[in-house]
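Chemist: Have a look at this one before I ask anything.
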Amino acid sequence: MRFIWLAVVLLVFVSCQRSPAFKRDQDYTRSSDAVSYYANKSGKGPTQRIESMGQPKKRIVILNFWNDTPVKQNDLGAFAADELRRGLYATQRVILPTDAKTELGTADFIQGDSVKVAQLIREGRRMGVAVLVIGRVTKVVFRQRGDEVGLLRQKQSLAGVDVEIKTFDVAAGREIMAAARSGEAASNAIVAFEGASIESPEYRAELTKLAVRNAMSSLVPEVIKSIEKMTWQGRIAKANGTRVYVNAGRASGLVGGDILKVLTPGDDVYDPQTGAFLGRSQGQLKGTLEVVDFLGTDGAVTEVHTGGNFQEGDVVQLY
């Protein structure tokens, strides 16, 4: 009898020891937080998440900004463009090609209050880039404040700038972003007598450039966001039987095994009444290619996957 009671006590004890773990398992199974390996709270599946992380890089050219202010600081527009280039390069999410050169700047594509979009897009296609950015410095302000009397005076110099940029999708022939930002810079100094050095044109120019730098740094995330919404595309550089060569490779972010769909280049569309450039139509699907190798600094070797009659200049996009 004692043996039976001892067995019952042990059984109850063990059951009590196991029940918390068992309860946790049951709670976890029923919990809404027990998400499947293949699920995602953002609503995207695995293929969508991986695709969004691995979009190829797009080639971008930034034209020198137009200094549309009375402050005729000759290099201000070029400095603003260089600062935007520097900020974008640091992200490592775009390609700033060194072989895409132009003598034209933003001012060459402005007519009154409008942008000469058709001419701008043609220039972008000539350079073989996906994105063109133009910009304008619209306002420059410089002020000083501080002590007016005394041998040694505390002075604060301030500079402020307003800038505007527009980003264009060259393939689609349309504007994809317009933004305006302001930047400011300040410098404190103790000066003797009149302090001519902090009122010199050179001093003002340096402080203005610091304000431009601050404005450009705030624009970098906006430019990246607009570019990554675009559909990436490249071009067929050469077709040789079953081997087709594409003008994008490892540097652009393609990987072996990528499937590319091939389309005809499409057509430019103009308003029949005004002649205004409206954009470019989507090309017709011709087939698909598979990336099998790479060549040069940024080229890919592909094999025909489906379709055919591929020609130089045909558009390629990720499938």
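Chemist: Please go through the stretch 84-126 and pick out each residue that is of a type in the set (A, V, I, L, M, F, W, C) and part of a helix (DSSP H, G or I).
Modeler: 84, 88, 90, 107, 109, 117, 118, 120, 121
Chemist: List pairs: first residue in the stretch 265-284 and at positive phi, second residue acidic (Asp, Glu) and surrounded by 10 or more Cβ atoms within 10 Å (Cβ to Cβ) anywhere in the structure, Cβ distance under 8 angstrom, at least six positions apart or on different chains.
Modeler: From the stretch 265-284, the pairs are 279/268.
Chemist: Also, I was wondering about something else. So, residue 222, is that one modelled with pLDDT of 90 or more and either of a type in the set (Val, Ile, Thr) or over 23 Å from the mean Cα position of the chain (by Cα) (or both) or not?
Modeler: No: the conditions fail for residue 222.
Chemist: Now for a separate question. Taking the stretch 271-290, which residues are loosely packed, with under 13 Cβ neighbours inside 10 Å and touching a Phe, Trp or Tyr at 6+ places or on another chain (Cβ under 9 Å)?
Modeler: Within the stretch 271-290, 271, 276 qualify.
Chemist: Here is a further query. Run down 266, 279, 313 and say which single residue is under 25 Å from residue 175 (Cα atoms), out of contact with any helix residue (DSSP H, G or I) (no Cβ under 7 Å at 6 or more places or on another chain) and outside any loop (DSSP other than H, G, I, E, B).
Modeler: Only one candidate passes the filter, namely 279.
Chemist: Also, I was wondering about something else. Given the structure, is residue 251 assigned by TED's automatic domain parsing to the domain that holds residue 65, small (Gly, Ala, Ser) and out of contact with any Phe, Trp or Tyr (no Cβ under 8 Å at 6 or more places or on another chain)?
Modeler: Spelling it out, it is not the case that residue 251 is assigned by TED's automatic domain parsing to the domain that holds residue 65, small (Gly, Ala, Ser) and out of contact with any Phe, Trp or Tyr (no Cβ under 8 Å at 6 or more places or on another chain).
Chemist: Now, a different point. Pairs please, first residue from the stretch 235-258 and part of a loop (DSSP other than H, G, I, E, B), second anywhere and of a type in the set (Gly, Ala, Ser), Cβ atoms under 6 Å, 6+ apart in sequence or on different chains.
Modeler: 247/234; 247/237; 248/234; 249/299; 249/300; 254/248; 254/300
Chemist: Still on this structure: Test of understanding: among 306, 297, which residue is among the hydroxyl-bearing types (Ser, Thr, Tyr) and loosely packed, with under 13 Cβ neighbours inside 10 Å?
Modeler: Only one candidate qualifies: 297.
The values are calculated or read from the model by the stated rules, or taken from the named source; none is laboratory data. Keep in mind that this is a model prediction, so the values were computed, not measured. A quick note on method: Cβ atoms are made from the backbone with ideal geometry, for glycine too, and the neighbour counts reach across all protein chains shown.
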